Amino acid sequence: MNKKRVVITGMGALTPIGNTVNDYWNNLVAGKSGAEPITKFDANLFKTQFACEVKNFDPLDIMDRKEARKLDLFSTYALATSHEAIIDSGINLASINLNRAGVVWGSGIGGMKTFQEECFNFKDGDGSPRFNPFFVPKMIVDIAAGHISMKYGLRGPNYVTVSACASSNNAIIDSLMLIQLGKSDLIVTGGSEAGVNITGIGGFNALKALSTRNDDPATASRPFDANRDGFVLGEGSGCLILEELEHAKARNAKIYAEVVGGGLTADAHHITAPHPEGLGAINAMKLALEDANMNPEDIDYVNVHGTSTPLGDIAETKAIKEVFGEHAYALNISSTKSMTGHLLGAAGAIEAIACVKAIEKNIIPPTINFESEDENIDYNLNLTLNKAEERTVNAALSNTFGFGGHNTSIIVKKLND
């Protein structure tokens, strides 16, 4: 079967280091950290008192106050980035078949803040079960995709993927397959997360998953550094418009890159820890290369999951060496989570955008905050430490992995007719 080709024609980003794609990219290249003391609630009693929050964002810039009250923040973030991406794509929605245009979104936890607030309100009330009628519609994870489809009248496939931190990569891969198989012409895809709240910080603290470097938040996310002590929680959203190549050409669309492959696997090992040898990650990257009909030597850049956890960074570097062999030492590798923190279910989307921009600009964003070597990590690998590097980037691979052992890899490359 000849699979249809799939391209990226629009992008939107709302991140801790920039509220548009261009601002996000410029701050990535500059090595800017988004980690600061938490402002959304009083975190003084928590072991972790900082996060990578979205800054200077006003929902009323894209919607009225009445609509904003009916949405959890993760849906608001989704609508903000889909708005930017739709405009960026130049699509005239009145001119396309909306029955063949859909939304596949990703989120790991959805409306956690809404759930938290309703439970707190009930606990602190008089015992009467007075819940907000929008409680469930605000909280459920699928609702972000629903709101995007309703806003733009997209009547094709519509659902949300939930695979923890792999969720938005999962959504991108699903979107790729739907278009490849001829089920859709255009998919709005990506992911959003708004987990910087009491339950988010408290829950991840209980897991001992978060950095506690409260004295210097800006340097807390330090993938591959010997003194890394956990990830920094982030929030935000990323959106990509995936479109069938001929459909995009017919409307003279601007094309950023082609999505050529995806791999989906499971570690089948542990609820939170990666397989120590990176077996699931190895299989995901191999499947993505096979799906793309590419050799390891065709990849120039790997945007790693790289969360700054003691076990994860080691396992992923082992996996890259296994998949790429000697070519692993010719790659540029970097973790943009060193700057954005970990956006959980939205991570894959903003990191896919980083890969597309790396291809467009021929610049590799750095892994910041590196100071000390870990004897378990091979520093002959080019981990793009502390400073961006210029190089030709024809193809990039992006990894995202999730609690539960979910592994996803996607490959994007320059469009070659």
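The values are calculated or read from the model by the stated rules, or taken from the named source; none is laboratory data. Remember, predicted model here, so these are calculated numbers, not experimental data. Every residue, glycine among them, receives a Cβ derived from its backbone with ideal geometry; neighbour counts consider all protein chains shown. We work out accessible area using only protein heavy atoms, side chains counted, and drop any ligands, DNA or RNA first. Shrake-Rupley method; radii C 1.70, N 1.55, O 1.52, S 1.80 Å.
For the reader, a short list of remarks on this structure follows.
- Solvent-accessible area assigned to carbon and sulfur over region 303-390 amounts to 41 percent, based on a 1.4 Å probe.
- Inverse mean reciprocal Cα-Cα distance (Kirkwood Rh) of region 1-138, Å: 18.2 Å
- For Phe122, the solvent-accessible surface with a 1.4 Å probe is about 90 Å², rounded to the nearest 10.
- Sorting Leu73, Leu397 by solvent-accessible area of protein heavy atoms yields Leu73, Leu397, largest first, with a 1.4 Å probe.
- Checked against a 28 Å cut-off, the cross-linked pairs Lys208/Lys413; Lys3/Lys138; Lys66/Lys183; Lys70/Lys123; Lys151/Lys254; Lys32/Lys151 give Cα-Cα distances beyond that limit for Lys208/Lys413; Lys3/Lys138; Lys66/Lys183; Lys32/Lys151.
- Radius, Kirkwood style, for region 1-52 when every pair of distinct Cα atoms is counted (Å): 13.9 Å
- Cβ-derived FRET efficiency at R0 30 Å, Asp124 paired with Asn44, nearest 0.05: 0.90
- The tail of the calculated P(r) for region 174-292, taken as Cα-Cα distances beyond 20 Å, holds 64 percent of the pairs.
- CD proxy at 222 nm, helix term only [per DSSP H run n ≥ 4: -39500 (n - 2.57); per residue of the chain; nearest 500]: -10000 deg cm²/dmol
- Total formal charge among the other residues, if their Cβ is under 13 angstrom from that of Ile62, Lys/Arg +1 and Asp/Glu -1: -3
- Residue-normalised accessible area of the chain, expressed per residue, 1.4 Å probe, Å²: 39 Å²
- Against the rule of thumb 2.2 N^0.38 Å, how large the Cα Rg of region 91-185 comes out: 1.37
- Overall dimensions of the chain, expressed as equivalent-ellipsoid semi-axes from the Cα gyration tensor (√(5λ), whole Å, largest first), are 30, 28, 18.
- Paramagnetic label zone (point 7 Å from Cα along Cα-to-C-beta, Asn394; backbone N under 16 Å) in region 273-294: 292-294
- Heavy-atom SASA rank of Asp215, Asp126 (probe 1.4 Å, accessible area, largest first): Asp215, Asp126
- Candidate lysines - alpha carbon under 16 Å from Lys321, same-chain residues fewer than 8 apart omitted: Lys286
- In this rough spin-label picture, where each label sits 7 Å from Cα along the Cβ direction, the Ala94-Ala206 distance is 5.3 nm.
- Protein-only accessible surface at a 1.4 angstrom probe places the residues Asp61, Asp378 in the order Asp61, Asp378, largest first.
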